Amino acid sequence: MSLSPTLTAYAQHWVTNLSYDLSRYAMFAIAVWLVICVLLRVPLARRKLRDTSPAARQLITEFATSLRTVAIFSTVGLIAFTLERVGMLPGAAFALRLGWSWGVASLILMILGHDAYFYWTHRAMHDPRLFRAFHRRHHRSHNPSPFSAYSFDVAEAAVMAAFVPIWMLLVPTSWPVVGLFMLHQIVRNTIGHCGYELFPANAEGRPLLGFLTTVTHHDLHHAQAGWNYGLYFSWWDRWMGTEHPEYLTRFAAASGRRLELQSAA
Ligand SMILES: [Zn+2]
Ligand SMILES: [Zn+2]
């Protein structure tokens, strides 16, 4: 008995998605952990955010949970595949015809759009009525590691995965741009959980690129949920008054400086 051509196409697409998502996660989580947390742990010791390191058992649990997330990402990816097959996603091919300048612009827009989507869905998942079902797994990593990047409950993984088909329905975006977007996402995500402050500070001890979230920024979210919901950029937390009050002081300390307070008389 053979599968119908449609079913075969879906199965093949799911397996392809799975191999991309899995290799992207595994490659970056392992690379960031190996380079930052193992090989450079001595030269970076002063930039370590916590006194302790996550236990091996935590890393294994995070990796196993992330495999489930990757499977959910691949399954939700079939929605975009279906929409394109039935002609409801003309934007993907249209975006390619617009050339590289639209490619760059759509990548920037997609990252900005995802940052807003993440801030608000993440903040909603911290509502006590949603937290248990959506977001508890991620916060079981009180002291996170690069492997925490995809350590999600099933519902959180579905919400995160839904962004790509929603975005592609609204904005003409080619598949190569989606690939670059995912690459940027996993790099920022694994580094944000690595436990060492890697972002540079200026002379006053503030983040040199203040509009970006730093490792300290997200690490504080794991230490004290209720602050710092942002993913790539710090502006949503600043606009909404949810930036941790000690964020800049902690960042300065992690980068080996003391914050120069402008108000000091
Ligand atoms: Zn959270
Ligand atoms: Zn996190």
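Since every read-out is calculated from the coordinates, none of them should be taken as a lab result. What you see is a predicted model; the values in this text were computed from it and never measured. Cβ sites come from the backbone with ideal geometry, for glycine too, and all protein chains shown count toward neighbours.
What is the distance, in nm, between label points placed 7 Å from the Cα along the Cα-to-Cβ direction at LEU170 and at ILE60?
4.2
Determine the calculated [θ] at 222 nm for the chain from helices alone, applying -39500 (n - 2.57) to every DSSP H run no shorter than 4 residues and normalising by the residue count; nearest 500 deg cm²/dmol.
-20000 deg cm²/dmol
State the extension gain, in nm to one decimal, for the chain segment bounded by PHE94 and PHE211, taking 0.36 nm per residue of separation less the distance between their alpha-carbons.
38.9 nm
Go through segment 54-68 residue by residue and turn each phi into a ³J(HN,Hα) via Karplus (6.51, -1.76, 1.60, θ = phi - 60°); whole Hz please, and just put x for glycine and proline.
x, 6, 4, 4, 5, 4, 5, 4, 4, 5, 5, 5, 5, 4, 5
Going by how many other Cβ atoms sit within 10 Å of their own, how do ILE60, ILE72 line up, fewest first?
By the 10 Å Cβ count, ascending: ILE60, ILE72.
In whole Hz and in residue order, list the ³J(HN,Hα) couplings for segment 133-141 that follow from phi through the Karplus curve 6.51 cos²θ - 1.76 cosθ + 1.60, θ = phi - 60°; x for Gly and Pro.
Listing the rounded values in order: 7, 9, 10, 5, 3, 4, 8, 5, 7 Hz.
Search the structure for amide H atoms under 5 Å from the amide H of ASN228, placed 1.01 Å from N in the peptide plane, and list their residues when 5 or more places away or on another chain.
GLU243, HIS244
Just the number, please: Stokes-Einstein D of the chain in µm²/s, Kirkwood Rh from C-alpha pairs, 25 °C, 0.890 mPa s.
For the chosen part, D equals 124 µm²/s.
Starting from the 7 Å offset along Cα-to-Cβ, what nm value, one decimal, do you get for the label separation of LEU183 and ALA26?
Going by the 7 Å Cα→Cβ label model, 2.0 nm.
List the residues whose amide H sits under 5 Å from the amide H of ASN202, counting only those 5 or more places along or on another chain, with H placed 1.01 Å from N in the peptide plane.
It is LEU208, by chain and number.
List the residues whose amide H sits under 5 Å from the amide H of PHE233, counting only those 5 or more places along or on another chain, with H placed 1.01 Å from N in the peptide plane.
THR213
Order of PHE147, PHE233, PHE94 from fewest to most other C-beta atoms within 10 Å?
PHE94, PHE233, PHE147
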